[in-house]
Amino acid sequence: MAITHTPKVKAMMASKCPKCRVGKMFVGSTYGFRRQRMNDICPYCGFRFEIEPGYFYAAMYVSYGLSVVQVVAAGLLTYELTKSESPWVYLAVLMGIILIFAPFNFRYSRLILLYYLTPKVKYNPKYEDHPYDEA
């Protein structure tokens, strides 16, 4: 029986560990009544997500990049839909966008950092070859 390995983008979107692509990096959903929390280590392969102390400070830069793209897109869309010249309209829309996307940016800035910007983290397909029960 051949095991098909999880593609990188699919594993990242599902918030899986970048090393094994099986264990969950986060507890809780991105948007929900309970606060999302990141696991310190992968519950499946034991990979420590914070590679060194302060490692996730770099995720702030990724989050900033995501926020800039979201704010520029929302600003342009607001202009196209309203043609308003009032700065208050844009301020309200952009502050709303920042607040709405904050949980998304928190999660995916860390995932992007681990999956695409950290050469130390290497995917090991051997972990996917063994069954895993998330219970």
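The values are calculated or read from the model by the stated rules, or taken from the named source; none is laboratory data. Worth saying up front: this structure is predicted, and the values here are computed from it rather than measured. Cβ placement follows ideal geometry from the backbone for every residue including glycine, while neighbour counts extend to all protein chains displayed.
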Residue identified as part of a loop (DSSP other than H, G, I, E, B), among the aliphatic types (A, V, I, L, M) and on the phi < 0 side of the Ramachandran plot among V22, V9
V22
If L113 satisfies every condition in (1) at pLDDT 90 or above; (2) surrounded by fewer than 14 Cβ atoms within 10 Å (Cβ to Cβ); (3) in a helix (DSSP H, G or I) but one, which is the exception?
(2)
Consider Q36 carefully, then state whether it is free of Cβ contacts under 8 Å to residues at least 60 places away in the same chain, polar (S, T, N, Q) and farther than 17 Å from L113 by Cα.
no
Quickly run through the stretch 13-69 and pick out the residues that are touching a helix residue (DSSP H, G or I) at 6+ places or on another chain (Cβ under 9 Å), of a type in the set (S, T, Y) and closer than 21 Å to V121 by Cα.
S15, Y44, Y55, Y61, S63
Give me the residue from the stretch 1-60 that is surrounded by 19 or more Cβ atoms within 10 Å (Cβ to Cβ) and among the charged types (D, E, K, R) and, out of that set, nearest to F101 (Cα to Cα).
K16
Conditions (1) touching a residue at least 40 places away in the same chain (Cβ under 8 Å); (2) aliphatic (A, V, I, L, M); (3) over 30 Å from K126 (Cβ atoms); number of the one not met by L81
(1)
Run A102 past the list (1) farther than 21 Å from Y123 by Cα; (2) touching a Pro at 6+ places or on another chain (Cβ under 6 Å) and report the number of the one that doesn't hold.
(2)
